[in-house]
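What follows is a single structure, written as structure tokens, with notes after it.
Any read-out appearing in this document is the output of simple, stated calculations on the displayed coordinates, not a laboratory observation. These numbers come from a predicted model, not from an experiment. Reconstructed Cβ throughout: ideal geometry from the backbone, glycine too, with neighbour counts over all protein chains shown.
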2 protein chains.
Amino acid sequence: MKPIKVGLLGIGTVGEGTFNVLKRNQEEIRRRAGRGIEITMVAARNTERAARLVGGECEVVSDPFAVVDHPDIDIVIELIGGYELPRELVMRAIANGKHVVTANKALLALHGNEIFAAAQEKGVMVAFEAAVAGGIPIIKALREGLTANRIESVAGIINGTTNFILSEMRDKGLDFSTALAQAQGLGYAEADPTFDIEGVDAAHKLTIMSAIAFGIPVQFDKAHIEGISKLEAVDIRYAEQLGYRIKLLGITRRTVIDGVEGIELRVHPTLIPTKRLIANVEGAMNAVLVQADAVGATLYYGKGAGAEPTASSVIADLVDITRLATADPEYRVPHLAFQPNQMTDVAIWPMSEINTSYYLRVYVKNRLGVMADLTRILADARISIDAVLQKEPAEGATRLDIIMLTHQTREKNIDAAIAKIEALDTVVGNVTRIRLESLS
Amino acid sequence: MKPIKVGLLGIGTVGEGTFNVLKRNQEEIRRRAGRGIEITMVAARNTERAARLVGGECEVVSDPFAVVDHPDIDIVIELIGGYELPRELVMRAIANGKHVVTANKALLALHGNEIFAAAQEKGVMVAFEAAVAGGIPIIKALREGLTANRIESVAGIINGTTNFILSEMRDKGLDFSTALAQAQGLGYAEADPTFDIEGVDAAHKLTIMSAIAFGIPVQFDKAHIEGISKLEAVDIRYAEQLGYRIKLLGITRRTVIDGVEGIELRVHPTLIPTKRLIANVEGAMNAVLVQADAVGATLYYGKGAGAEPTASSVIADLVDITRLATADPEYRVPHLAFQPNQMTDVAIWPMSEINTSYYLRVYVKNRLGVMADLTRILADARISIDAVLQKEPAEGATRLDIIMLTHQTREKNIDAAIAKIEALDTVVGNVTRIRLESLS
């Protein structure tokens, strides 16, 4: 089957990330999608830079309309940003019968109703997973994963810049402007950070999630928007003392007031109890908490921005369109993610070959030199020790626990070392061995 | 368009939940799926009990083969559990050209390869979101949300029973058998808990995720499985002192050893740094952490068991099949989750009508009676106070901060009260007001 041909509008950070990931993982993606997906045309203002990035593998043009009008292009990726030009391009692509993938939350929050109606009319798909919470597949979860439910509320940390600033303010006791300057220095905030810090970006994303959760049109103009620029360090401190963290939260919820149902749609700094998982989402990470009647609370966490996390969602949309736009059953979503004729027979490792860290508890007689024996055995096996906890024996006790955390080693090594440890006459009974994963 | 007709095999906890949620949310589900979804036939061992539950709305039979052979049934839901009978039923349903939805992880971990091959051959879908992590849409995330990525590892708390037991052991210092008895008393563990506590259930789920993540066949027989029954309270305590929590983790990961690629597939008690989000997943909750090359780390959290959470996934699969099995573009996944002609025009509330809690910081002159004035104003507005923090003024200071957390109230009420507070001559400047959400 011929590859799907994709035209890319704009090759900034996310565009470059999309191009790179699609190229790097092309084999893996083809095995999943059932056919190749290739960017064959790129529109960029700086065509020289673009040509350098794509390395002569695809046509580079300066006129984005040349891409959306090109008869060979099946899917258009819009990554230009802003409102008017993208709107024109997307509407033209739809009119030309092309599917569209966009990461442009501003565009959809303002012109989504018009765009989706046109796409519906033409029978094409406009996919936008990348528009909300970067790499987290939250649109898919809300739109397909939770379809059984009456969704009650969606609450999200959906702007990484502000979450980074708030984390720094709390962690280091900084005031807002110092933390903002730091975020700008690290590339987490733009030179003009208004859209992020005033909550506009979060409100764009929330507006889209609200429409999907409740079956209402997108209506950004009704959103209540407050940012974090007026937040004082002293309030973050007091909140902490009371058991709360302050987050910029986007909240949308159904509520009935005096018998009338309505939707809350609001972005503002919010105190959240520290014990909630979402209160512990720090730095530039995003998370969305959904409350729904059947499933209860579910939470989705990951990187909300950046070249490759956003590219991850852009490409997931390309695969979705490739799978779904091709109506034959064999190109629907495959049972095990990869097309049936694309399974591999990589072997499962036996446990003896696994590389991990270990917690060891050794019950020993309280005698001089025990620790030296243990550490020598581990050193001989080239297993290095990360931490030791020796519990002071009770007065007069003749036995005690020694706990050791090791760095990574092959399981057969640790088992051999444990056998030697258990053979020491100062060691009582068996060594307790539990595996440790840093999950970093 | 005529409703999709569904046959239900088994009406235990999850079957009953599925029937109830499908009925309760039928309107919402129809608006999403584009057509009605109705359970028209139920097979149950106890037909009397089943007839009572479904209330005469559908045919109840004792022979499950009567359902899978019935010409009117489009989709069969298999919720019987076990291996042999479900396998026969599912294979027969496929042979009859019916789509299948199942929550049976044991069946798929053992016979998935055969079942998926038969389904592929027949051009029908076998959907199984409910088989892994209950209500969390993790199959969808792995299979569709992360298709751009080379997935590196999946690590999950995917058995609620054992996570509940481990949480209780840590929280209350209980030993394993006491915590197990407690879990059984609360219905979190079955009378014969072997499958849960020995890690077999987690290994079934992990086997399925591993196949989807890496494009390999399901191969449960290769999984390494250790449960928590030998875990001692003392190790949980020592781990805590070293900054770790012990969780029963299912881990699957690609690793290259001496140039050879292989897959790790293992379930065992694991120390995890307490600062990781997944280490803080407590009680019967589940969470899955995925590491992938483009998106980085993403985490999915929710209820891993129970009637309605599992039903949430069963029904999501019904909607998926309804949407995707109907090839016309208008029944593909709608842009805004609901079919375009099914949007509602529920209004967005103005902020003055919102009901929430508040953090108030009032900067006051250090005079007798200030607190009495503040609390009187709030009481008059029927706003009750949840907590007060009064910072001791520095020696000789004439001003201080009073912080109050309120219970829920309408925003117009708090704003009116704030106006009165700001009018007090003991109050300096404006009151700082930040909203508070308990997110419980």
Neighbourhood charge, 14 Å Cβ-Cβ cut-off, centred on B:Ile236 and excluding it, Lys, Arg +1 and Asp, Glu -1 = -1
What gaps in nm, shortest first, separate A:Ala66 from its twins in the other copies when you place the label 7 Å past Cα toward the beta carbon?
-> 6.9
Furthest towards positive pole of dipole, B:Ile315, A:His99, B:Leu299, structure part the protein assembly as shown, Cβ charges | B:Leu299
So for region A:263-364, using the alpha carbon gyration tensor with a ≥ b ≥ c as root eigenvalues (a/c under 1.5 gives rounded; past that, a/b versus b/c decides prolate or oblate), I'd call it oblate
Just the projected area, averaged over all directions, of the convex hull on the alpha carbon atoms of chain B: how many nm²?
-> 29.2
At B:Val388, with labels set 7 Å past Cα in the Cβ direction, how many nm apart are the copies from this one, shortest first?
-> 5.4
Other protein chain Cβ atoms within 10 Å, averaged over every residue that makes up B:218-228 = 2
Zone reached by a paramagnetic label modelled 7 Å from A:Asp63 Cα along Cα→Cβ, restricted to region A:89-105 with backbone N below 20 Å, covers A:89-98
Taking neighbour counts of Cβ atoms within 10 Å as a proxy for exposure, in what order, fewest first, do A:Tyr188, A:Tyr301, B:Tyr363 appear?
-> B:Tyr363, A:Tyr188, A:Tyr301
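Where a ≥ b ≥ c are the square roots of the eigenvalues of the C-alpha gyration tensor, would you call region B:62-203 rounded, which needs a/c under 1.5, or, failing that, prolate if a/b is larger than b/c, or oblate?
Cα axes put region B:62-203 in the oblate bin.
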Just add up the charged neighbours of B:Ala316: K/R +1, D/E -1, any other residue whose Cβ is under 9 Å from the Cβ of B:Ala316.
-> -3
Neighbour-count ranking for B:Glu59, B:Glu190 (other C-beta within 10 angstrom, fewest to most) reads B:Glu190, B:Glu59
In degrees, nearest 10, the alpha-carbon axis of helix B:176-185 is tilted away from the dominant principal axis of the alpha carbons of chain B by 90
Could you put B:Ser229, A:Ser210, A:Ser167, A:Ser438 in order, starting from the residue whose Cβ has the fewest other Cβ atoms within 10 Å?
-> A:Ser438, B:Ser229, A:Ser167, A:Ser210
Gain upon complete extension [B:Arg92, B:Asn341; 0.36 nm per residue less C-alpha separation] | 85.9 nm
Of the trypsin sites (Lys or Arg not before Pro) in region B:225-254, those whose Cβ has at most 15 other Cβ within 10 Å and which sit in DSSP loop | B:Lys230
So in region B:138-303, what percent of DSSP beta bridges are antiparallel if you round to the nearest 5?
-> 95
With a point put 7 Å past each Cα toward its Cβ, work out how far A:Glu84 is from B:Asp175 in nm, to one decimal.
-> 7.7
Can you list the lysines whose alpha carbon sits under 24 Å from that of B:Lys303, skipping same-chain ones fewer than 8 residues off?
-> A:Lys140, A:Lys275, A:Lys303, B:Lys23, B:Lys105, B:Lys140, B:Lys172, B:Lys205, B:Lys247, B:Lys275
List the relative contact order of chain B as a percent without decimals, with contacts defined as Cα pairs under 8 Å and 6+ residues apart.
-> 16
So for chain B: antiparallel DSSP bridges make up what percent, rounded to the nearest 5?
-> 70
What is the local net charge at B:Lys98, summed over the other residues whose Cβ is closer than 13 Å to its Cβ (Lys, Arg +1; Asp, Glu -1)?
-> -1
Given the protein assembly as shown reduced to its alpha-carbon atoms as identical point scatterers, what log10 I(q)/I(0) does the Debye formula return at q = 0.04, 0.06, 0.08 Å⁻¹?
-> -0.19, -0.44, -0.78
A student asked for the Cα radius of gyration and Dmax of region A:138-304 in angstrom ought to give 15.9, 50
In what sequence, highest mean first, do A:195-201, B:310-316 appear when ranked by Cβ atoms within 10 angstrom?
-> B:310-316, A:195-201
Output the antiparallel fraction of DSSP beta bridges having both residues in the protein assembly as shown, as a percent to the nearest 5.
-> 70
Hypothetical label at B:Lys23: residues of region A:285-301 whose amide nitrogen lies under 17 Å (7 Å Cα-Cβ projection) | A:294
Copy-to-copy spacing for A:Glu261, label 7 Å out on the Cα-to-C-beta vector, in nm, shortest first?
-> 4.9
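What does the average come to when, for each residue of peptide A:315-326, you count the partner chain Cβ atoms lying within 10 Å of its Cβ?
Taking all residues of A:315-326 together, the mean is 4.
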In whole µm²/s, the translational diffusion coefficient that Stokes-Einstein assigns to region B:310-415, given a Kirkwood hydrodynamic radius over C-alpha pairs, 37 °C and 0.692 mPa s, equals 175
Roughly how tilted is helix B:84-95, in degrees to the nearest 10 and between 0 and 90, from the longest Cα axis of chain B?
-> 80
